[in-house]
Amino acid sequence: MTIGVGGSTAKQALATLSDMTAGVAPIGMDEYQARIDKAQRLMAEQGLAALYLHAGTSLYYFTGTRWNSSERMVGALLLPSGAPIYIAPAFEEGTIHKFMTVQGDVATWEEHESPYGIAAKLLDDRGATSGVIGLDEATPFFVSDGMAKASPDFSFTNGASITAACRMIKSRAELDLMQRAKEMTLAVHKACASMLHEGITVPQVHAFLDDAHRKVGAPAGSYFKIVLFGPDSAFPHGVKTPKALEAGDMVLIDTGCKLHDYISDITRSYVFGAPTDKQRSVWEAEKAAQAKAFDAAQIGAPCAAVDLAARAELETRGFGPGYALPGLPHRTGHGIGLDIHEWPYLNWGDTTPLAAGMCFSNEPMICVEGEFGIRLEDHFYMSDNGPVWFTEPSKSIDDPFGI
């Protein structure tokens, strides 16, 4: 039997966990202001008259204001200097003020009015009658289209040159939050493996993951859950009707939580029972590919090099080539932060140079159709001297948690 897999009840496994959030703090006002300052410097360098931040992650990143996107235009306009100006329906003005972290004026519109010309009017009030406005790349089309039609004297461009440039480089405070969140999820993984038993269903494991994440200090439980057994594990993001656990099944569990809005995302794969020779061989290939990807992640190297290093290792072991199965059907990894998938990406088409502060998943999954899949997913960040693991990779197929 794989060490650490099975042997405990759910109650016993939960009893091994406790709150892990002591000593962590949310992002502070000084950091929000530093983010705005950096964005305004980049705007000046790129000649932008303004940057529109739509309700969602980028609005929260720069202002600390949590607001979900809907059919109504809500966001903030960042000018080359000064505080952000919020844009919201008039009936939401009081609520916007209560949700603000970074304070700013609120420009409002009534329900019968169009909000799309507000950005141009705000700029006109400050003497700017034309220029380029950057749009948060997550801005819905109905908003970007409405703004373009209402402001023909302005041109619009993808604001990712500002938002991504800021968000992809994490501060020490962000790294610390992600470090703890990932430690929390790894503890949950270990506890979850211990309570597996033949016949357990995917919904039962989902319920445990939620309870376990709450126990370690994530109030909302799991941010997401992918639980796959046996042949189902060959489908990276799951199947419509998942099977229950049987002896000899490959187990794939991918889950994470949020800690002060920063996300963890870790996958473990192991066998419920004794591994077959083929399961062992593929697991070891996966571990080797993950290690090659990590070693290739060096300051100044393109993101593509990390993906290509994992694929080269897999090809030497008979997988692929490219995305062909059996092999790796998707990118090797993704950026992470406030969103589970962020820029840049570890795929062979992304030439972004690796820089200190970037954070990535490392998950060169191997899928063997009709049999099983193996994904070992840990995350690393780029230090000035190269990659640093947030969580140590699985030790071995016989002892995945290094017990």
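Among residues of region 258-304 being basic (Lys, Arg) and assigned to a strand (DSSP E or B), the one that is least open to solvent (accessible area, probe 1.4 Å) is ARG268.
Restricting region 171-200 to residues that are part of a loop (DSSP other than H, G, I, E, B), touching a Leu at 6+ places or on another chain (Cβ under 9 Å) and open to solvent by less than 50 Å² (accessible area, probe 1.4 Å), which is farthest from ASP124 (Cα to Cα)? Per the criteria, the residue is GLY199.
Sort out which residues of region 143-173 are without any contact (Cβ under 8 Å) to a residue 24 or more places away in the chain and more than 18 Å from ALA356 (Cα to Cα), and write them in order of number.
Matches in region 143-173: SER144, ASP145, ALA148, PRO152.
Out of ALA164, ALA148, I need the residue that is open to solvent by 40 Å² or more (accessible area, probe 1.4 Å), in a helix (DSSP H, G or I) and either touching a Pro at 6+ places or on another chain (Cβ under 7 Å) or among the hydrophobic types (A, V, I, L, M, F, W, C) (or both). Which one?
Values: ALA164 fails: open to solvent by 40 Å² or more (accessible area, probe 1.4 Å).
After ruling out the rest, the residue left standing is ALA148.
Contact map, region 106-127: first residue over 19 Å from SER144 (Cα atoms), second residue outside any helix (DSSP H, G or I) and among the aromatic types (Phe, Trp, Tyr), Cβ cut-off under 8 Å, separation 6 or more or different chains; pairs are VAL106/TYR86. Of the helices (runs of 4 or more DSSP H) that lie entirely inside region 1-71, those containing 1 or more residues that are within 23 Å of ALA160 (Cα to Cα) span 29-46, 57-63.
In region 231-257, what residues are assigned to a loop (DSSP other than H, G, I, E, B) and under 15 Å from THR201 (Cβ atoms)? If the condition is that a residue be assigned to a loop (DSSP other than H, G, I, E, B) and under 15 Å from THR201 (Cβ atoms), then GLY238, VAL239, LYS240, THR241, PRO242, LYS243, ALA244, LEU245, GLU246, ASP249 are the ones that fit. In region 3-22, which residue that is free of Cβ contacts under 8 Å to residues at least 60 places away in the same chain and farther than 14 Å from GLU183 by Cα is least open to solvent (accessible area, probe 1.4 Å)? Selected residue: ALA15.
In the set (1) within 18 Å of TYR32 (Cβ to Cβ); (2) open to solvent by 60 Å² or more (accessible area, probe 1.4 Å); (3) in contact (Cβ under 8 Å) with a residue 60 or more places away in the chain, the condition left unmet by PHE99 is number (3). For region 72-96, give me the residue count where each residue is crowded, with 16+ Cβ neighbours inside 10 Å and either among the charged types (D, E, K, R) or not in a loop (DSSP other than H, G, I, E, B) (or both). Here the count works out to 11.
The values are calculated or read from the model by the stated rules, or taken from the named source; none is laboratory data. Worth saying up front: this structure is predicted, and the values here are computed from it rather than measured. Reconstructed Cβ throughout: ideal geometry from the backbone, glycine too, with neighbour counts over all protein chains shown. Areas reflect the complete protein model, heavy atoms only, side chains present, ligands, DNA and RNA absent. Shrake-Rupley method; radii C 1.70, N 1.55, O 1.52, S 1.80 Å.
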